[in-house]
């Protein structure tokens, strides 16, 4: 198979100490491309951030972006170059799925620059064996690491960095208590055992200026984990294994057990709140003007029936000092009237948000095609001037190429975020969403999905009784 253009996909494995760095992988891929007459555009270098898990394709944003780009028409590249097949996928099922789609449906091959294989069935067989070996290595390494950590847990050795209240003075040493942090831990347990809930404790810690290990606010969720952690009673826990550790306790075993009894009672089903009862079509997009945290919806049973309220999640967890309590109808009215006003005026400010299909890459592709058409125009003119083509042939070629150039220029202009096309798409989307959220036939889930398709967030100010709306247009809409 002959290739002309290529994409580069780069990922560093977190469990391979002999792995090349991203820059080294890219150098190897560039050298291979140069030796084989391949051109790699800077727009088609897909490099995963270091630290991302590679075991599942959905956890790799650059991989998903590459696959989405590969589906563009015309085909943006002929082959995807990787340093090793294991960089493309560590799961053979996923590898087979994506390679089959790329090769059979899109005509795009996947080549390892460090693992050359023959063309044809024998080459595919060798490639499958290489991938199977990589998957086996990954699985075996995970088992060895798990076995080693289990052994450490059985010996009471800590598996992770110690929590608030402890530190490890030097590598290999047993954890020791940090006095000032330990006092904060003792205060949390004391207040909890005396009847104060985690929200009240969190607010008290905020008022006192007591922070976490890295200086951040201590949320109620962190307090629940703290109260459930046997580490404070001198026990090491990992993956279901709990044994007495070789480090001092901050909380007595008796107090720790009392805390667990209270937590177990609070986890009782009668305290549970069905999620669907609290769901509102504005859930997930309303934010507090004071701390920036999301406002959560909650169902309230009043004397005249059931109604919904919104409250700042930071306030209920004790880390925001300003209540943003508001009834649902006020937010509903404010948002729908804002949408109606935009539709009446026909103008608004919005941002273009990139999705799986990267509009900028598509624009670059169109511009590259325009460059090719202009080059063909120059060649047609040169052929006519040299007497190779007749005047009629030159006119016909020029007419055809100019039509193609005009089409591409118009398409490129429509793809720009500030174009009339983008504004029209945005207003059309708002109109459709307005019809959905004001319809009695649409469900809460349908309305919630619709409003999230045009609004990035809505900031509510309790003090001013005012909302600020941030609109966005999905870049994929510019491709339609």
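The values are calculated or read from the model by the stated rules, or taken from the named source; none is laboratory data. Keep in mind it's a predicted model, so treat the numbers as computed, not measured. Note that each Cβ is placed from the backbone with ideal geometry, even for glycine, and that neighbours are counted across all protein chains shown.
Of all residues in segment 205-224, exactly one satisfies the criterion of being touching a helix residue (DSSP H, G or I) at 6+ places or on another chain (Cβ under 9 Å), part of a loop (DSSP other than H, G, I, E, B), within 26 Å of residue 245 (Cα to Cα) and at pLDDT below 85, namely 213.
Looking across segment 265-302, the residues that are at pLDDT below 75, over 16 Å from residue 452 (Cα atoms) and part of a loop (DSSP other than H, G, I, E, B) come down to 267, 268, 272, 273, 274.
Examine segment 408-416 for a residue that is part of a helix (DSSP H, G or I) and either farther than 30 Å from residue 470 by Cα or modelled with pLDDT of 85 or more (or both), and state whether such a residue exists. Yes, the conditions are met somewhere in segment 408-416. Whether any residue in segment 447-458 is loosely packed, with under 13 Cβ neighbours inside 10 Å, at pLDDT 80 or above and outside the structural domain of residue 313 (by TED's automatic domain parsing) is what I want to check. No.
Any residue that is in a helix (DSSP H, G or I) and at pLDDT 85 or above - is there at least one of those in segment 351-365? So far as segment 351-365 goes, no, none of its residues is in a helix (DSSP H, G or I) and at pLDDT 85 or above. For segment 158-197, filtering for residues that are in contact (Cβ under 8 Å) with a residue 40 or more places away in the chain and outside any loop (DSSP other than H, G, I, E, B) leaves 9. Checked against the criteria, residue 202 counts as over 27 Å from residue 173 (Cα atoms) and assigned to a helix (DSSP H, G or I).
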